[in-house]
Amino acid sequence: MVNLDTLPPPVLLLLVRCFEAKEDEHASTRDFEPCEKNAVPRTDELVALASCNRALRHQLVPLLFRSISVSEPEEPADYINELARLAKNGQAMLASVRVLTVDLVGFESIKHLNACLRHMTSLQRFHWFGYVPLAPLLVDTLKALPDFHALVFGRWGTESLPYVLPLAAKVDHLRIDAEILPPYPHEALALAPLTVGAERRSRLAWDHKNVATVHEQRDALVKGLSAFLLEAKDHLEYLNIQAADLSIEATVPGTRVSPVFFSNNERIVTESGKWLQRLFDAMVDDNRQYPRFPMLNRLCITGGDIKCLAFKHLLQTTADHLTHLEIVGDDHKELPEPPRPFPKLEYFFYLFDDDLSCIPITRHITTHSPLRMLTLNGMRPSELGAIFGPDSACSATLTCLQLIGFAGGGLQVEHVKAMALKFPEIEELRLESVWHGEAVRALVSLPHLLAEA
């Protein structure tokens, strides 16, 4: 009699696929992290299925443990012991891990975490949200893993840049942050020595006031990231730089105030926010040329001087292969038309101040790019016609449209109707704003409007 124990592996794998969730094509786009090509398993059901018998458990281990998160609980002593046991007895499970997220792990656990990391021979992506910068001993282990290629920082990215430079030859997906954080425990300095403002801060008491200034953070980002990008430029596919904290000016070390002030109704941004131009100036070659990124297809810039020459160069040289573009600017300037069309761009996310217009860059992109997803913040309803003209290249391709915080009045029924008629393939329409009664009428009318489309 045939049972689960006697079924051949291909048949068991067919059973397993019935318990896999469908891949969400929109997943991770806003976070701009590399998307998984495979479906994400429904873990609870897979655990139950794996409990049926040994054959299924053997087939399900790679699915159950391909993405794991490590986070330290309130009792670190017990947790450290668990990590030590896992490193000793969990080699089969650890060898299946492809995505590792380290969330709020203290310096006491790092050595034991590193012992586990050595057994993750299939690891591809590493996400770091620890209490301290990424320690050099972890970097040495990541460098030795054959399939590792994606490095995502949610904390301590700038502080870790000097340590992760040896990974530049392997990394093709990079997310870096410039968040200014309170100092980590003094005991952790032995594992991750101070890298930002070290000369000044090493002379001060190691307490909550001992934080980097914005200038120190900016200079460290420019120095560390420029060195990394020069090593990775020929194979880098995904670049996400989160530098909103560099729009904060420091007048006294350890204190921060807004760098933006008003004078004659004009907004002026101080030099600390102009890190993007400085970054590219630090990478010019002997012929005074900026570097090119021939493989880059996903780009996210947050908190940068987006109207600078460096950003124009970046858009111009990546236009032919860019598929995802996210811009969150802090220099209060309207972006002009891009220097070249983006023939492959599918995802565009643009946040800007309400008193600015998004027409020049957005109209250019909707005219030339086969967008599937578009997100705008602060658009005026009256600008809909200008943004989505009769020659829009995305009319037949757009499936997700998100409009946030309408300026100059709310959305009316005729606006919703125009969008329903303009985008016959739309699957998801997100409208986030301060609504009045007109919103109810718009939503009630939507099914009928879509039927007309």
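In segment 148-163, how many are within 17 Å of residue 219 (Cα to Cα) and of a type in the set (Val, Ile, Thr)? The qualifying residues number 1. Taking segment 32-137 as the region of interest, the helices (runs of 4 or more DSSP H) fully inside it that hold 1 or more residues being modelled with pLDDT under 85 are 43-50, 54-64, 76-89, 91-94.
Kindly provide the set of residues from segment 295-311 that are more than 14 Å from residue 323 (Cβ to Cβ) and not in a helix (DSSP H, G or I), ordered by number.
Answer for segment 295-311, where residues must be more than 14 Å from residue 323 (Cβ to Cβ) and not in a helix (DSSP H, G or I): 301, 302, 303, 304, 305, 306, 307, 308.
Against the numbered list (1) modelled with pLDDT of 90 or more; (2) surrounded by fewer than 16 Cβ atoms within 10 Å (Cβ to Cβ); (3) within 25 Å of residue 422 (Cα to Cα), residue 354 comes up short only at (1).
Picking from residues in segment 194-225 that are over 27 Å from residue 277 (Cα atoms) and among the basic types (Lys, Arg), the one that is surrounded by the most Cβ atoms within 10 Å (Cβ to Cβ) is 209. Restricting to segment 166-193, count the residues that are of a type in the set (D, E, K, R), within 17 Å of residue 239 (Cα to Cα) and not in a loop (DSSP other than H, G, I, E, B). Here the count works out to 2. Residues of segment 367-388 that are buried (at least 22 other Cβ atoms within 10 Å of the Cβ), touching a helix residue (DSSP H, G or I) at 6+ places or on another chain (Cβ under 6 Å) and of a type outside the set (A, V, I, L, M, F, W, C): none at all.
Please determine whether any residue of segment 158-165 is in a loop (DSSP other than H, G, I, E, B) and not polar (S, T, N, Q). Give the steps one after another, and end with the answer.
Applying the first criterion (in a loop (DSSP other than H, G, I, E, B)) to segment 158-165 yields none.
There is no residue in segment 158-165 that is in a loop (DSSP other than H, G, I, E, B) and not polar (S, T, N, Q).
The set of residues from segment 94-106 being under 9 Å from residue 130 (Cα atoms) and buried (at least 19 other Cβ atoms within 10 Å of the Cβ) comprises 102, 105.
Determine whether residue 196 is closer than 23 Å to residue 103 by Cα, in a loop (DSSP other than H, G, I, E, B) and either modelled with pLDDT of 95 or more or of a type in the set (Val, Ile, Thr) (or both).
On the way: closer than 23 Å to residue 103 by Cα: yes; in a loop (DSSP other than H, G, I, E, B): yes; either modelled with pLDDT of 95 or more or of a type in the set (Val, Ile, Thr) (or both): yes.
It is true that residue 196 is closer than 23 Å to residue 103 by Cα, in a loop (DSSP other than H, G, I, E, B) and either modelled with pLDDT of 95 or more or of a type in the set (Val, Ile, Thr) (or both).
The values are calculated or read from the model by the stated rules, or taken from the named source; none is laboratory data. In this text, all values refer to a predicted model and were calculated from it rather than measured experimentally. Note: ideal-geometry Cβ built from the backbone for every residue, glycine included; neighbour counts use all protein chains shown.
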